[in-house]
Each structure stands twice: as C-alpha cells, then as structure tokens.
Amino acid sequence: MTFLTLENVSHYYFSKTGYTKALDEINVSIEEGEFVSIIGPSGCGKSTILSIIARLIKQTEGNIKIKNESLMSSPFNIGYMLQQDYLFPWKTIMDNVLLGPKVNKAISDKTKERAKKLLQEVGLEHTENDYPSELSGGMRQRVALVRTLINNPEILLFDEPFSALDYVTKLKLENLVAKLMKTYHKTAILVTHDLGEAISMSDRIFLMDASPGRIVKTFSVPEELRKEEPFFVRRHPKYQALFDEVWQYLNKDSSTNEAKGMTNNERND
C-alpha cells in the first residue's frame with residue numbers, strides 16, 4: 001500500500017538578490033513499511049526533502065500526501081533523527097526520552113512503561129537515571145532513537161544519524177535501526193553519503209543530482225539482501241554487484257555530481 005507520495009515537488013530558497021532552485025519536480029511513492037535511502041552529492045537537496053516531509057518547511061510547488069491525505073493536514077506523527085543527538089545535558093535519560101510526550105501532555109504510566117521497554121530493546125535499560133555526559137556517542141544515539149520512537153511515529157526520517165560515530169558503533173546501530181524498523185513495521189527514509197550503508201539498510205535507493213536537486217535513478221535492492229541484517233549484507237555476493245552498479249553510475253560524470261565524495265569504507269571487502 002502506498003504510504004507517502006511526493007508529486008512534482010519543487011523548492012526554492014529566496015534571498016534579497018535572487019533565488020536558488022533546490023529541488024526540481026521530485027516524484028516519489030513509498031510503500032508502507034518500506035525503508036528507502038537518498039544518496040547524492042552535497043547540496044543536491046537530500047536534507048531539504050526531509051525538512052519538507054517533517055513539516056519544518058513547506059515546498060514551493062507540488063503536493064505531498066500521506067495515505068492520500070495532504071501532508072500539512074495529516075494527523076500522522078513524523079519522527080526525525082539527526083546526526084547530533086540533541087539530548088538535554090541537565091535531564092536524565094528517561095526525562096530526555098519522555099520529552100515529546102511531556103510537551104504533548106501525554107505522559108502516563110503506559111507511556112513510561114513503553115519508554116522502559118524501548119530502552120531495554122536498545123540495551124540501555126540500566127541508564128534511566130544517568131545523564132547524557134555519562135554515555136558514549138553510540139549510546140546517546142540509541143537514546144535519540146528511543147526518543148524518536150516513543151511518540152509512535154508513522155514515518156521516521158534519518159539524516160546521516162551514524163556519520164559521527166566510529167565504524168564499529170555505526171555498524172551496530174545500523175543493525176539495531178533496521179531491526180526496529182522491521183519489528184514495528186515503520187516507513188523510513190535515510191539520507192546518507194555512505195553508499196554501503198544505503199545498500200545494506202534499504203529496500204530502494206534514490207540517487208539525486210544537483211543544481212537543481214532531482215532524482216535521476218532508482219535502484220532496487222535484491223530480495224536476498226533485504227532479508228539479511230545490514231552487517232551480513234556486506235558479505236553477500238550480490239552486495240558487491242549492486243555497489244559496483246551504483247558506483248559506476250555515480251562516476252559516469254564526476255565533473256557534475258561530485259560522486260567521489262561518497263564514502264566507501266567497504267570498497268575492499
């Protein structure tokens with residue numbers, strides 16, 4: 001079932017001296033429970049797409065619908081996880097997790113039990129009364145994930161949430177996020193510069209070009225890869241085949257798409 005639809009979405013950033021066209025007629029349909037990634041050069045509008053879906057800004061042109069309802073009038077919750085965890089240092093981990101429900105005046109015993117369950121699922125049940133400064137970067141990102149999930153969002157947006165972490169922690173969090181998305185049947189969109197991450201976590205990958213930002217290619221991840229955890233995807237023969245296909249396309253015209261900026265930690269796997 002189609003969950004999220006972007007129809008001819010364009011966006012302009014205006015200034016006193018003119019404007020910049022950030023997005024050009026983006027057309028995308030995402031199925032319920034699907035995990036998709038958006039890759040492309042810096043400045044191609046990847047984060048702008050997430051900001052529009054998160055209702056932080058409104059697109060200049062086009063329509064966005066969630067289950068055939070207009071995005072702006074839709075009652076559906078949207079979760080947004082960024083590269084930084086943005087935990088409040090003076091609040092305990094539990095208080096940080098419950099921030100959303102508190103703002104929405106939805107704190108209850110049931111909500112607190114859900115928070116405890118989610119912390120347990122990410123291996124942080126022992127940190128409820130700790131403060132962010134007592135946790136590692138990976139642990140803090142897990143707290144940020146729980147804080148995102150506590151409001152039970154119908155769609156989750158991830159804007160390079162693992163890019164500041166060391167490689168081992170990053171791989172562990174990829175596995176954790178992929179597992180939770182499948183467990184709770186969440187629709188998710190990941191923006192990343194890491195091609196290996198996009199392949200290992202996604203059902204489909206959208207490749208964007210810049211000036212203005214537009215989707216130029218869609219890659220479907222083989223079913224054999226989608227069944228595996230992200231860590232094991234990288235060991236599958238079909239992973240390297242898809243990596244090479246996308247990499248070749250990225251490098252077809254490096255003078256215009258900055259493809260060499262894509263990270264490739266697994267190139268020699």
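The values are calculated or read from the model by the stated rules, or taken from the named source; none is laboratory data. Quick caveat, the model's predicted, so the values are computed rather than measured. Positions of Cβ are generated from backbone atoms using ideal geometry, with glycine treated the same way; all protein chains shown enter the neighbour counts.
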Hits in region 175-192 (condition: within 26 Å of S10 (Cβ to Cβ) and touching a helix residue (DSSP H, G or I) at 6+ places or on another chain (Cβ under 7 Å)): A188, I189, L190, V191, T192
When residues of region 5-22 are limited to those that are at pLDDT 95 or above and aliphatic (A, V, I, L, M), the one farthest from Q59 (Cα to Cα): L6
Residue selected from region 98-115 under the condition among the basic types (K, R) and under 13 Å from R147 (Cβ atoms), by the criterion surrounded by the most Cβ atoms within 10 Å (Cβ to Cβ): R114
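The rows are residues; the columns are (1) surrounded by 19 or more Cβ atoms within 10 Å (Cβ to Cβ); (2) charged (D, E, K, R); (3) outside any helix (DSSP H, G or I).
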| site | (1), (2), (3) |
| --- | --- |
| K117 | no, yes, no |
| Q120 | no, no, no |
| H126 | no, no, no |
| N129 | no, no, yes |
| S133 | no, no, no |
| R140 | yes, yes, no |
| L145 | yes, no, no |
| N151 | no, no, yes |
| L156 | yes, no, yes |
Region 71-97: number of residues that are within 12 Å of L145 (Cα to Cα) and in a loop (DSSP other than H, G, I, E, B): 6
Only listed residue being assigned by TED's automatic domain parsing to the domain that holds S211, closer than 17 Å to F206 by Cα, among the acidic types (D, E) and surrounded by fewer than 20 Cβ atoms within 10 Å (Cβ to Cβ), chosen from E31, E69: E31
